[in-house]
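The values are calculated or read from the model by the stated rules, or taken from the named source; none is laboratory data. Source: prediction; values computed, not measured. Note that we place each Cβ from the backbone using ideal geometry, even for glycine, and neighbour counts take in every protein chain shown.
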Number of protein chains: 4
Amino acid sequence: MQNILDAAIGFSLPHTLEGKTASYIPELSKVDARQLGVAVVDMDGKSWSSGDCHNVFTMQSISKVAALMLAIMDNGEQYVFSKVGMEPTGDPFNSIIKLETMKTAKPLNPMINAGAIAVDSLISGEGVEDKLNRLIGFVRKLCHNDKIWFNQDVYTSESTTGFRNRALANFMKDAGIIEGEVEAVLELYFKQCSIEVNALDIAMMGAVLAGDGKSPITGEVLIPKGIARLVKTFMVTCGMYDASGEFAVRVGLPSKSGVGGGIVAAVPGQMGIGVFGPALDSKGNSAGGIKILEYISKELDLSIF
Amino acid sequence: MQNILDAAIGFSLPHTLEGKTASYIPELSKVDARQLGVAVVDMDGKSWSSGDCHNVFTMQSISKVAALMLAIMDNGEQYVFSKVGMEPTGDPFNSIIKLETMKTAKPLNPMINAGAIAVDSLISGEGVEDKLNRLIGFVRKLCHNDKIWFNQDVYTSESTTGFRNRALANFMKDAGIIEGEVEAVLELYFKQCSIEVNALDIAMMGAVLAGDGKSPITGEVLIPKGIARLVKTFMVTCGMYDASGEFAVRVGLPSKSGVGGGIVAAVPGQMGIGVFGPALDSKGNSAGGIKILEYISKELDLSIF
Amino acid sequence: MQNILDAAIGFSLPHTLEGKTASYIPELSKVDARQLGVAVVDMDGKSWSSGDCHNVFTMQSISKVAALMLAIMDNGEQYVFSKVGMEPTGDPFNSIIKLETMKTAKPLNPMINAGAIAVDSLISGEGVEDKLNRLIGFVRKLCHNDKIWFNQDVYTSESTTGFRNRALANFMKDAGIIEGEVEAVLELYFKQCSIEVNALDIAMMGAVLAGDGKSPITGEVLIPKGIARLVKTFMVTCGMYDASGEFAVRVGLPSKSGVGGGIVAAVPGQMGIGVFGPALDSKGNSAGGIKILEYISKELDLSIF
Amino acid sequence: MQNILDAAIGFSLPHTLEGKTASYIPELSKVDARQLGVAVVDMDGKSWSSGDCHNVFTMQSISKVAALMLAIMDNGEQYVFSKVGMEPTGDPFNSIIKLETMKTAKPLNPMINAGAIAVDSLISGEGVEDKLNRLIGFVRKLCHNDKIWFNQDVYTSESTTGFRNRALANFMKDAGIIEGEVEAVLELYFKQCSIEVNALDIAMMGAVLAGDGKSPITGEVLIPKGIARLVKTFMVTCGMYDASGEFAVRVGLPSKSGVGGGIVAAVPGQMGIGVFGPALDSKGNSAGGIKILEYISKELDLSIF
């Protein structure tokens, strides 16, 4: 496994030159675009890593996976999916058009920004702080890392410039999809996006999903099996923005990427994989990270299809 | 003329039953839906009226006409139309879809909400209060009424529930169409919509437009001729929301309606007409008010076509 | 008047270099792009002309005006507008998106291709030939020219390459907007677009519209007044494709352009104007022709606003 | 297995009452809506069945899977996906809106009608007959049934009423996506949709896909492994129209449905499943068929997630 990870890094490093760091969040554009790391955790909790696997980055859209699971655990599947759909979409992650043209303004799925904001409005708690603490607590358990917290500078940067997300949230508020206060939901959303992790953290999270919700370290059930499976389904159909279809063909693993450069992948019954490479392709996915996953999936014949 | 106005009211009153007051702004839904009034001012400043012509109502979208003229006087035509287009649209007044599907996020015209918000961001002044004072001062001159002010309750109601407009403004901020602070522009927009007038006030405003910008009372040039004509063009192509085309066919007069129930019309070289009837049809236009204008236009053969 | 027309040609000729002939219809791309002509007919039937006013060109979208009037004379206003709307649209002339996103697939207005095809399906007659003969007969009367016929080569070229129009027609057939056979309606539409006229012909047609339907030569009523006015309204709100709003501001005359390079304009109660210049701007309007109309409208203060 | 299939039929039969047969293809609306059948073929070629598993039905969209594989075998993956995308879409199967709003008119994926028609234009052969013979020959091999042919009445019915598909094809012809003659491609498409099979036939086809392209009877490689996997990916992300996301959550198997009432499913490495029930739900999927697959997937824990 170690050899494969090292080879994957070697194979993928040149591809980091094809991408660039997220420009629309000022704080993210400053990071070193050449970083690249990978970590794997198997079903016995054994781990391997290579490259910049201890460098931290913000979860961004990867946090949508944790928020969705928490919201379902808080409200039940039925209520959550009365507010957000289950269908993939060919539109970009920040698109607003479907909210207006569909019969209801229900966002198509919980992995696009509109859907994730709607999901955040369902997380239980007294005020933003309490909700955020519950969510970060849950992320810590999934990642088996008690030090996880959010990055204040990135949060400020996102909140100050997040006009498109503010447009989405207000549109859904108008349509009755979001019930609470718009700015409170957005504060939770921007802070959640700014949670800092490293490749090993999310490999651990991937391993929990791969094991249908069980901790590979303690054996504790952290997520009900049904919810773990449901989330993996969304990771296949819409985890990689509007490149999800092509990624499913090329890699074939339930995965979720974030514009911070991370990707979490879950190989059912086998392992979790975490990759980090902040240079993004045109769809917003880690350019080097996709190559790493492609390499590992082919080498080990991991595609679920 | 007095007979025609009385007959127009009689003819149109039953049609108020076909409409209902604006429901999406709570404060507007409370007014008496059976009110109906009309006023006319000719090129010599002579005036006639009938029905509830002294009852006040909020300008709502009628204020877009004044704001556009002030923004052009402040910035020049060229700069204003680098931020907002000149084309009519078949979409509803609060639609966001074109902002996303067009090559630029430039709103199609200054009469839809998105366009009017963009226009408001161009009005000169130090802060919201100064800008609002300048705009209200301009409206007072157009209406020849120094007592005009905005209705605080309606403003609060609009601001508290204006999520769709907040979505539009944030979308345009993200796209670089709006330069200032989003909430400041929205405060100006919501206050401007809440300016209170009566039918006679807007008949006077219509007369100024009919006279290519000259006051029918003092002869003073209040608006440059080119701007007066430009504004009348927009009133024809997009003054009546997405019923502008049909209204042009049936009535044939440059007109602008607001969901407060008012409509201002300008008969080039002849007169201004102000109508008020808060019961709205499905497109957001005064149900009785349209009938009044249809009646007067047919009786006096006023269509510009 | 003669001096004004000569000056208008001189002023506008350089602008023909800014445009190019229609490329999507092969036969149209072959014509000489530097041609430019103008003709005027007043209410007494007196005419003036300058430039290439005897060169023939195909009517293209200008024919939509005649077809609409004939369809209303055949079916009544109410029935025609149950199949096609009255609203302008910010979408390009060959757009299909509104047919899918609106509640009904009814085209927004009779001046876009979809609407014109729907209108053609309403023209009375036994078979395509009979319908075409009726339509050409009507065009001959409007233009006071018995020699008018359609250009077979242009028709063949349009029919062979008219896939977008075929898509629009089939979409409307599926939605029940078009009742007859799709290919028969398209044959009529393509042949009608290929009717050949010159600038004087359409100036005469403009004069008939300017006179509310009366022939300026014989005094005969060729179109009922109500229909003449209705058509002029559409010419203002949607006669110049998605540049109609800007054209209304700059020129302010009911006009209809075609990608053959012609524009017909009607100055209510005063005159008809016909211009021809096959070099088109990016919206599909005659680049030089628009300048001619702008020049004449400003010189003689003809704007209806 | 036999018990499970019998129980699945019993469980699902009441749900046939929730759907109705396809109404937009006249010939399909005539079939008995209460039919329900299922067949399973394992990796050793052993088969089980229950219910109306010998009743024939037309493949409809199920044929898109075979056509896609043949087109890739004819042209290579790269060329095929230069003409059609890989992304799922939240739009209905016959939607045209994305063709206009996306930067290219490339259909989003090969499972929606637009994409399937584009794929058909790539199948090799001299004329429609030759291409159809090649495609039916390939379907016969996949289903291990030499008697398969298309239903002439259904073909005629589809061709006579297929205006929406004609609109899609002409739109793509205009955009250069389809290279050949539009009507020839549509003839192939409509005939392919009319190919008649039964539940056992498609269970066999599913088994070939489940075995990565190998025949479970002869061991012969009928499809290259890479293509078999690629096709299963599309079946997950967009095999069940705009209910693909929800189906992935509920059932979790690569599947493709058709409005004839059939669904083919492939359980990787385990079995193929064919179901038939012509009563369709609102998304166009077999109402009873979905329940059968849900039942079997839960009973045998077959979800790939």
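Brief remarks on what is shown
- Residue match in the stretch B:223-245 (condition: aliphatic (A, V, I, L, M), outside the structural domain of B:Gly85 (by TED's automatic domain parsing) and surrounded by fewer than 21 Cβ atoms within 10 Å (Cβ to Cβ)): yes
- Of all the criteria given as (1) farther than 16 Å from C:Ser61 by Cα; (2) modelled with pLDDT under 95; (3) of a type in the set (Lys, Arg), the one not satisfied by C:Arg164 is (1).
- Checked against (1) in contact (Cβ under 8 Å) with a residue 12 or more places away in the chain; (2) closer than 26 Å to A:Thr89 by Cα; (3) not aromatic (Phe, Trp, Tyr), D:Met271 meets all criteria but (2).
- Scanning the stretch A:126-166 for residues that are part of a helix (DSSP H, G or I), farther than 24 Å from A:Tyr79 by Cα and within 14 Å of chain B (Cβ to nearest Cβ) yields A:Glu158, A:Ser159, A:Thr160, A:Thr161, A:Phe163, A:Arg164.
- Among (1) polar (S, T, N, Q); (2) at pLDDT 95 or above; (3) surrounded by fewer than 23 Cβ atoms within 10 Å (Cβ to Cβ) - the single one D:Ser29 does not satisfy: (2)
- Residue check for B:Phe190: farther than 27 Å from B:Leu300 by Cβ and in a helix (DSSP H, G or I): yes
- For the stretch C:137-149, the condition holds for no residue, the condition being that it is surrounded by 20 or more Cβ atoms within 10 Å (Cβ to Cβ), at pLDDT 95 or above and closer than 17 Å to C:Glu187 by Cα.
- In the condition set (1) within 30 Å of C:Ala118 (Cβ to Cβ); (2) in contact with a Lys or Arg (Cβ under 7 Å, 6 or more places away or on another chain), C:Ala33 is compliant with all but (1).
- Matching residues in the stretch C:241-262 - criterion: being more than 7 Å from chain B (Cβ to nearest Cβ), over 16 Å from C:Leu68 (Cβ atoms) and of a type outside the set (Phe, Trp, Tyr): C:Ala243, C:Arg250, C:Val251, C:Leu253, C:Val259, C:Gly260, C:Gly261, C:Gly262
- Test: residue in the stretch A:291-305 that is β-branched (Val, Ile, Thr) and modelled with pLDDT under 95: yes
- Among the residues of the stretch D:14-23, those identified as under 25 Å from D:Ser194 (Cα atoms) and crowded, with 16+ Cβ neighbours inside 10 Å are D:Thr16, D:Gly19, D:Thr21, D:Ala22.
- Within the stretch C:34-45, the presence of a residue that is part of a helix (DSSP H, G or I) and under 28 Å from C:Ser194 (Cβ atoms) is excluded.
- Of residues in the stretch A:105-122 being more than 14 Å from chain D (Cβ to nearest Cβ) and part of a helix (DSSP H, G or I), the one modelled with the lowest pLDDT: A:Asn113
- Unmet requirement for A:Asp281, which otherwise passes all of (1) within 16 Å of the chain's Cα centre (by Cα); (2) under 22 Å from A:Gly10 (Cβ atoms); (3) not small (Gly, Ala, Ser): (1)
- Selection status of D:Ser63, assigned to a strand (DSSP E or B) and of a type in the set (Gly, Ala, Ser): no
- Flag if A:Ala203 is within 16 Å of A:Lys256 (Cβ to Cβ), more than 12 Å from chain B (Cβ to nearest Cβ) and touching a Pro at 6+ places or on another chain (Cβ under 6 Å): no
This table checks each residue for (1) modelled with pLDDT of 95 or more; (2) surrounded by 19 or more Cβ atoms within 10 Å (Cβ to Cβ); (3) more than 30 Å from B:Ala114 (Cβ to Cβ); (4) aromatic (Phe, Trp, Tyr).
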position	(1), (2), (3), (4)
B:Val41	yes, yes, yes, no
B:Asp44	yes, no, yes, no
B:Trp48	yes, yes, yes, yes
B:Thr58	yes, yes, no, no
B:Asn75	yes, no, no, no
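- Residue in the stretch B:211-230 that is under 12 Å from the mean Cα position of the chain (by Cα) and either more than 21 Å from B:Leu135 (Cα to Cα) or outside any strand (DSSP E or B) (or both) present: no
- Counting the residues of the stretch D:174-204 that are within 14 Å of the chain's Cα centre (by Cα) and either within 25 Å of A:Glu246 (Cβ to Cβ) or among the small types (Gly, Ala, Ser) (or both) gives 4.
- The stretch A:9-26, subset part of a helix (DSSP H, G or I) and more than 14 Å from A:Ala287 (Cβ to Cβ), residue modelled with the lowest pLDDT: A:Pro26
- Residues that are over 10 Å from the mean Cα position of the chain (by Cα) and part of a strand (DSSP E or B) do not occur anywhere in the stretch C:249-262.
- Which listed residue is over 28 Å from A:Met73 (Cβ atoms) and assigned by TED's automatic domain parsing to the domain that holds A:Tyr24, from A:Ala207, A:Ala287: A:Ala287
- Look at (1) in contact with a Gly (Cβ under 8 Å, 6 or more places away or on another chain); (2) free of Cβ contacts under 8 Å to residues at least 60 places away in the same chain; (3) more than 9 Å from chain C (Cβ to nearest Cβ) and you find that B:Thr233 fails only one, number (3).
- Some residue of the stretch A:172-180 being surrounded by 23 or more Cβ atoms within 10 Å (Cβ to Cβ) and either touching an Asp or Glu at 6+ places or on another chain (Cβ under 8 Å) or not assigned by TED's automatic domain parsing to the domain that holds A:Ala105 (or both): no
- For the stretch A:263-282, taking the residues that are out of contact with any Gly (no Cβ under 7 Å at 6 or more places or on another chain) and outside any loop (DSSP other than H, G, I, E, B), the one that is farthest from the other protein chains (Cβ to nearest Cβ) is identified as A:Met271.
- Residue within the stretch A:183-200 that is within 13 Å of chain B (Cβ to nearest Cβ), modelled with pLDDT under 95 and either in contact with a strand residue (DSSP E or B) (Cβ under 9 Å, 6 or more places away or on another chain) or crowded, with 24+ Cβ neighbours inside 10 Å (or both) present: no
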